[in-house]
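Report on the following structure.
The values are calculated or read from the model by the stated rules, or taken from the named source; none is laboratory data. Not measured: the values here are computed from a predicted model. Don't worry about glycine lacking a Cβ; one is built from the backbone with ideal geometry, like all the others, and counts go over all protein chains shown. Only protein heavy atoms, including side chains, enter the accessible area calculation; ligands, DNA and RNA are left aside. Shrake-Rupley method; radii C 1.70, N 1.55, O 1.52, S 1.80 Å.
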Amino acid sequence: MKKLLCSFQDLRDKEVVNVKDGCILGCVDDIEIDTCKALVCSIIIFGRPKLFGLLGREDDLIIRWCDIDIIGEDTILVNYDGKRRKIAKKEGFLQKFFKN
């Protein structure tokens, strides 16, 4: 197998595909790093905006590094079970006016 060196910018250009169902999850938007051990913990795909971002966003996809099968030249193949976790829910434009 050919060794592939990859920068964060290179990761952001790759499409993430779930090998369980063939679904395209999106592109890498961010990564989580353990600064004590200097290891990448996970990749993050931001949730899609609802109504052009006016109603907030869907939950972000956080894929652990151990769930990544292959990082290729154009795609990242992951073994993802579909659970979603919220990072920080951004308030949409209209939600600011309708707070309780």
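Potential lengthening of the chain between Glu73 and Asp21 amounts to 16.6 nm, from the contour at 0.36 nm per residue minus the alpha-carbon distance.
Here the contact order of the range 1-47, divided by its residue count and restricted to Cα pairs under 8 Å and six or more residues apart, works out to 25 percent. Model label points for Asp34 and Cys66, set 7 angstrom from Cα along the Cα-to-Cβ axis, are 1.0 nm apart. For the range 3-70, the dipole from Cβ point charges (+1 on Lys and Arg, -1 on Asp and Glu) about the Cα centre works out to 40 debye, to the nearest 20. Once all protein chains are placed together, Arg64 keeps about 130 Å² accessible to a 1.4 angstrom probe. Within straight-line reach of Lys14, meaning a Cα separation under 19 Å, sit the following aspartates and glutamates at least 8 residues removed in sequence or on another chain: Asp29, Asp30, Glu32, Asp60, Asp67, Asp69, Glu73, Asp74.
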